[in-house]
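The values are calculated or read from the model by the stated rules, or taken from the named source; none is laboratory data. Everything quoted here is computed from the prediction, not taken from an experiment. Counting neighbours? That spans all protein chains shown, and the Cβs are built from the backbone with ideal geometry, glycine included. Accessible surface is based on the protein model in full, side chains and every heavy atom, while ligands, DNA and RNA are left aside. Shrake-Rupley method; radii C 1.70, N 1.55, O 1.52, S 1.80 Å.
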Amino acid sequence: MAIHYILVLNRQGKTRLGKWFNNAYTEGEKQRYTSEIHRLISSRASKIQSNFIEYQQCKLVYRRYAGLYFISAIDISDSELASLESLHFFVEVLDTYFDNVCELDLIFNFYKIYYILDEVYLAGQYQEISKERILERVRMLDKLD
Amino acid sequence: MGSLKTFIKNVRKSKTIADERAVIKKESASIRTSFRDAGLDHTTRRINISKLLYLYILGEKTHFGQVECLKLLASPRFADKRLGYLATTLLLDENQEVLTLLTNSLDNDMQHPNPFIVGIALCCLGSVASADLARDLHGNVERIFTSNNPYLKKKACFVAAKLVDRDPDLAETFMPKIDQLIGEKSPSILLGVSRLIQAIYDASPESRPALVKTVPRIVGHIKRVVSTGYLPDYDILGVTDPFLQVSLLSTLRTLAMDSTCSEKYLEEINDILTQVASNIDTGKNPAHAVLYECIKTIFTIRSDQSLRVLGVNLLGKFLSSKDNNTKYVALNTLLTVISIEPQAVQRHRSTIVSCLSDGDISIRRRALELSFAILNESNVRVLVREILQFLENCQDNELKPYITSQLIYVSDKFSPNQKWHFDTLTRMLRSAGSDVSSESVSHILALIMQCKDTELKKHVISKLVSSWLHDSTQFCLSLVTIWTLGEYGDLVLESGIYTEETEKVIDDTLILSIIESGINNTTFTESETTLLVSYVLTAIIKLSIKFKRPESIERLRVILNSKTHDTNLEIQTRAVEYKEIFTQDLQLKKGILAKMPPPVMKEAQTMSLQGSSHQKSGRVDNSHAKNSTDNGNDLLDLMDDNTTTGVETNYAANSQDLLKDIFGDVGNSNSNPTTGTNGNQSTNNNILDLFDPASNQSRAVHAPEVSKAPDYANSNIAVTFIPRSVPQNGSATIEAIVRGQQPNASIEDLQLLIAVPKSQKLTIASAAGDNSLSNGKSIKQVLKIIGKEGSKIKLRVKVTYNLNHQNVEDMFDFAGIKETL
């Protein structure tokens, strides 16, 4: 019961964020999975299809926000609905932090996205569920930089 | 060297991929060079590492920077440490010796007086927790539990859980902390504790009884969350702290399944589940997430009858939701619930069936599985009708073999009467006759042989023939139709049966036309064709004693003769043998060609019930093993193409043996050779009448493929040209079909180059299939030719391909179309 990886891809399939909670993946695997997942997800019709697909002994839970796909891969037995909600939570945190987040924010501040991700998720689990606390924490850390 | 921002801008500015590569290569090289500088200051190093991270996101090689990451995180500055740890978690993998270097830094930083530094160190350990790191650093994590900082405590829980996952021996170390931690009230710490309990539960069976004792505390926490009102910090769309509820419920489920969980605890769990399930309004995703967890728990643990009914009702609500995600989880859960509460699931039959026409393929698949799972005597008519309809519109070829084998299984088991049974099977053959396994074909044939009712047999034949007239490209439908005509042709010839839709009388002429199109087909793969032609030959010899008109019999003989020189050994042998029988006197022939005795199905069934076989055949024994395991699984196992039921396999073995026995006799019989005349073109024309393009549009597309021989063939490939429309007004559309001639050869990278005379213009339109002919695939290409009216169509064709990895080139000319532009 854990998240295996979280990916943020744009519609062309470019990686905007890749967090692999399990270090057993090789670089080659990461690249292959990323492009396969993009192909899988971008071909699905969001209106009529669910946000879940089974892939490589995992379940992909994804959601599209404007031009970006937020994807997390979870265990087959994990709750898809809760994971979807936590992805949305992550996006909401980003949105507040950047004040209307867009793809360019993710490109130029990729390391900040990772910092925020590390406050939302830890060791493949969502660790904090209060938006205020996370933002407060990240801002405090930013001040120390 | 510029800043990170300049680098990102430069990459984005690149107009071409080559430009981008150049920018990346240059930057990567300069980062490498600067890393070689021993006196590199931390600020430059930090900029370099941040660029390295960007390279990582782009998917570039970054391994050369790993040691630099460790150097950076050893810096006393917070900004350096933060980026250094981030880079380390992303760039390092667990198999590296560099990890040992990391141990020391982590050890120091986890004891740092600044809690923020401890926090980022914990975060790093949570990501790169190798078994070695787990053993070396668990003491530091333990120490953090005693601190009063809730932020660190929370992180420590998650990291500890990860360490236990990695090294199960550590469960003992962290077990004593649980008692104190479960008393915490902070939601995020509880989230961590819940995770830690599950990790320890999975890793250490000895700790389980002690963990089960936390059940009342967990129940208490859930109760508190449910009964607290609105908490702005933790509210998501009107649900208080759904994440914590989900996590606690899932831990509760793990603990409740343990054998040491007492009745009293179970009662408490039942109560809290009722409370959670009845307190939430459905409609929003967070609410559904919590309910979904409740439902899963209800059906996994020993829960009350009333609670289970509540669970199924909630799933019913989920099913009728507009949201596809909710539907998806509901169907998934119902599949597991069906074995526990079959009656309750039945009540949602109409909703399940309506999901068969959902827009989402994964929802359709699950609805299909469920439909088979809830099928029984009372609903077989309704459900099978729905499933057949689904099959007729099914575009997903992966699904079809599953559906057909399941349909055969359920119609065998629940069929209300024989007529219904046969009607179902013919309808199935008609819509998915190419996706039926050979076992299933044998089974259907055995069923027909079993049938004692002559009127019903006639009905079946009429159905089969009309289905075949409707679509003759369904392979197994052709097999069954041709076999049945051969075996029982006399029944229909005597009494003049009409086909259903076209109202044609089934007489010698119609049967002959079916036989000829079977012999001349080009739709099927080579192995399929061999099988089909064998069936046709058997039908011919059987019909030779059933036809009354001498010219029809003569026609049969001519067709049979045409196959005595076939290049396929199996077909040739059979044709020659049958040719011998053909000339025997009628009395002897009647003896040899008598009807097949129906295979004894009863025996097969009792055999499988007893569970042991006295037969010597290994195959039958095999099917027994299958029978016991498959019957339960095959309903659920959608992806397994080989799904068969034990009963079928028995039939298959049985009827195949019978066929062999009979053909064996035939082969041994001895007779005089005869000579025959070729000719008699009259019946040949029938086939053209039958497929008159004007009479039926849809047939016009298929028909030529069936009867046309390849326009060019060598030992590797065969190319057929089929005019899509009659050439007129100076334009023609032709379809080129390329097939492999050897089923086992690998033909890849096939290219079709076609040239027309200078006065004409050629456009090559869409191609169907990829560029490979391996495994019986074919390639179709549509050609459009425009030229002067009245000119003849001439093509020069060059085909290049890789045959078993060797390049081959074939060239030929084609002018086989009589009509002019």
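Below is a table of values for the structure above.
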{"read-out": "Extreme residue, farthest from B:Arg208 (Cα to Cα), among residues of region B:258-270 that are of a type in the set (A, V, I, L, M, F, W, C) and in contact with a helix residue (DSSP H, G or I) (Cβ under 6 Å, 6 or more places away or on another chain)", "value": "B:Ile269"}
{"read-out": "Criterion violated by A:Ser72 - all others in (1) under 26 Å from B:Thr254 (Cβ atoms); (2) among the hydroxyl-bearing types (Ser, Thr, Tyr); (3) away from chain B (no Cβ under 12 Å); (4) surrounded by fewer than 21 Cβ atoms within 10 Å (Cβ to Cβ) satisfied", "value": "(4)"}
{"read-out": "Failed condition for B:Glu293, given (1) more than 22 Å from B:Phe243 (Cβ to Cβ); (2) among the acidic types (Asp, Glu); (3) open to solvent by less than 60 Å² (accessible area, probe 1.4 Å)", "value": "(1)"}
{"read-out": "Of all residues in region B:579-601 being open to solvent by 40 Å² or more (accessible area, probe 1.4 Å) and aliphatic (A, V, I, L, M), the one that is nearest to B:Leu491 (Cα to Cα)", "value": "B:Ala594"}
{"read-out": "Considering residues of region B:30-57 that are among the aliphatic types (A, V, I, L, M) and open to solvent by 50 Å² or more (accessible area, probe 1.4 Å) only, the residue farthest from B:Tyr85 (Cα to Cα)", "value": "B:Ala38"}
{"read-out": "Extreme residue, farthest from the other protein chains (Cβ to nearest Cβ), among residues of region B:283-332 that are outside any helix (DSSP H, G or I) and under 21 Å from A:Asp78 (Cβ atoms)", "value": "B:Ile301"}
{"read-out": "Hits in region B:531-578 - residues which are free of Cβ contacts under 8 Å to residues at least 40 places away in the same chain, open to solvent by 60 Å² or more (accessible area, probe 1.4 Å) and not in a helix (DSSP H, G or I)", "value": "B:His565, B:Thr567"}
{"read-out": "Answer from A:Ser50, A:Ser83, A:Ser72 - the residue that is among the polar types (S, T, N, Q) and without any contact (Cβ under 8 Å) to a residue 40 or more places away in the chain", "value": "A:Ser50"}
{"read-out": "Among (1) within 30 Å of B:Arg739 (Cα to Cα); (2) in contact (Cβ under 8 Å) with a residue 12 or more places away in the chain; (3) polar (S, T, N, Q) - the single one B:Thr583 does not satisfy", "value": "(1)"}
{"read-out": "Counted residues, region B:193-206 - those being surrounded by 19 or more Cβ atoms within 10 Å (Cβ to Cβ) and farther than 14 Å from B:Val159 by Cα", "value": "3"}
{"read-out": "Selection within region A:5-38 - within 22 Å of B:Leu125 (Cβ to Cβ) and within 11 Å of the chain's Cα centre (by Cα)", "value": "A:Tyr5, A:Ile6, A:Leu17, A:Gly18, A:Lys19, A:Trp20"}
{"read-out": "Filter result for A:Phe90 (more than 10 Å from chain B (Cβ to nearest Cβ) and open to solvent by less than 10 Å² (accessible area, probe 1.4 Å))", "value": "yes"}
{"read-out": "Residue among B:Leu190, B:Leu163 that is within 14 Å of chain A (Cβ to nearest Cβ), open to solvent by less than 10 Å² (accessible area, probe 1.4 Å) and under 19 Å from B:Leu249 (Cβ atoms)", "value": "B:Leu190"}
{"read-out": "Every pair of residues 6+ apart whose Cβ atoms lie under 7 Å, when the first sits in region B:359-379 and is closer than 16 Å to B:Gln395 by Cα while the second is open to solvent by 40 Å² or more (accessible area, probe 1.4 Å) and part of a loop (DSSP other than H, G, I, E, B)", "value": "B:Gly359/A:Ile48; B:Asp360/A:Ile48"}
{"read-out": "B:Glu439, sole failed condition from (1) within 17 Å of B:Leu477 (Cβ to Cβ); (2) at pLDDT 85 or above", "value": "(2)"}
{"read-out": "Scope region B:406-423; condition open to solvent by 10 Å² or more (accessible area, probe 1.4 Å) and touching a helix residue (DSSP H, G or I) at 6+ places or on another chain (Cβ under 9 Å); matching residues", "value": "B:Tyr409, B:Asp412, B:Lys413, B:Phe414, B:Ser415, B:Pro416, B:Gln418, B:Lys419, B:Trp420, B:His421, B:Phe422, B:Asp423"}
{"read-out": "Given (1) out of contact with any strand residue (DSSP E or B) (no Cβ under 8 Å at 6 or more places or on another chain); (2) surrounded by 19 or more Cβ atoms within 10 Å (Cβ to Cβ); (3) within 13 Å of another protein chain (Cβ to nearest Cβ), index of the condition B:Leu211 fails", "value": "(3)"}
{"read-out": "Single residue of B:Asp241, B:Asp233 found to be of a type outside the set (A, V, I, L, M, F, W, C), closer than 21 Å to B:Glu184 by Cβ, within 14 Å of chain A (Cβ to nearest Cβ) and surrounded by fewer than 14 Cβ atoms within 10 Å (Cβ to Cβ)", "value": "B:Asp233"}
{"read-out": "Number of positions in region B:421-453 that are farther than 15 Å from B:Tyr409 by Cα, under 25 Å from the mean Cα position of the chain (by Cα) and of a type outside the set (D, E, K, R)", "value": "4"}
{"read-out": "Count - residues of region B:471-509 that are part of a helix (DSSP H, G or I), open to solvent by 10 Å² or more (accessible area, probe 1.4 Å) and at pLDDT below 85", "value": "7"}
{"read-out": "Per-region count, region A:3-18, residues more than 8 Å from every other protein chain (Cβ to nearest Cβ) and open to solvent by less than 30 Å² (accessible area, probe 1.4 Å)", "value": "8"}
{"read-out": "Of residues in region A:129-140 being at the interface with chain B (Cβ under 7 Å from one of its Cβ atoms) and either touching a residue at least 40 places away in the same chain (Cβ under 8 Å) or open to solvent by 10 Å² or more (accessible area, probe 1.4 Å) (or both), the one nearest to B:Ala161 (Cα to Cα)", "value": "A:Ile129"}
{"read-out": "Subset of region A:20-47 (residues that are within 11 Å of chain B (Cβ to nearest Cβ) and in contact (Cβ under 8 Å) with a residue 12 or more places away in the chain)", "value": "A:Trp20, A:Phe21, A:Asn22, A:Tyr25, A:Lys30, A:Thr34, A:Ser35, A:Ser46"}
{"read-out": "Pairs, first acidic (Asp, Glu) in region B:425-438, second part of a helix (DSSP H, G or I) and crowded, with 23+ Cβ neighbours inside 10 Å, C-beta under 7 Å, six or more apart", "value": "B:Asp435/B:Thr404"}
{"read-out": "Residue in region B:125-154 that is surrounded by the most Cβ atoms within 10 Å (Cβ to Cβ), counting only those that are at the interface with chain A (Cβ under 9 Å from one of its Cβ atoms) and not hydroxyl-bearing (Ser, Thr, Tyr)", "value": "B:Leu125"}
{"read-out": "B:Ala446 vs. criteria among the small types (Gly, Ala, Ser) and in contact with a Pro (Cβ under 8 Å, 6 or more places away or on another chain)", "value": "yes"}
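Residues checked against (1) touching a residue at least 40 places away in the same chain (Cβ under 8 Å); (2) more than 21 Å from B:Leu211 (Cβ to Cβ); (3) open to solvent by 60 Å² or more (accessible area, probe 1.4 Å):
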{"residue": "B:Leu252", "(1), (2), (3)": "yes, no, no"}
{"residue": "B:Ile269", "(1), (2), (3)": "yes, no, no"}
{"residue": "B:Ile272", "(1), (2), (3)": "yes, no, no"}
{"residue": "B:Ala277", "(1), (2), (3)": "no, yes, no"}
{"residue": "B:Ser303", "(1), (2), (3)": "no, no, no"}
{"residue": "B:Val309", "(1), (2), (3)": "no, yes, no"}
{"residue": "B:Leu335", "(1), (2), (3)": "yes, yes, no"}
{"residue": "B:Val345", "(1), (2), (3)": "no, yes, no"}
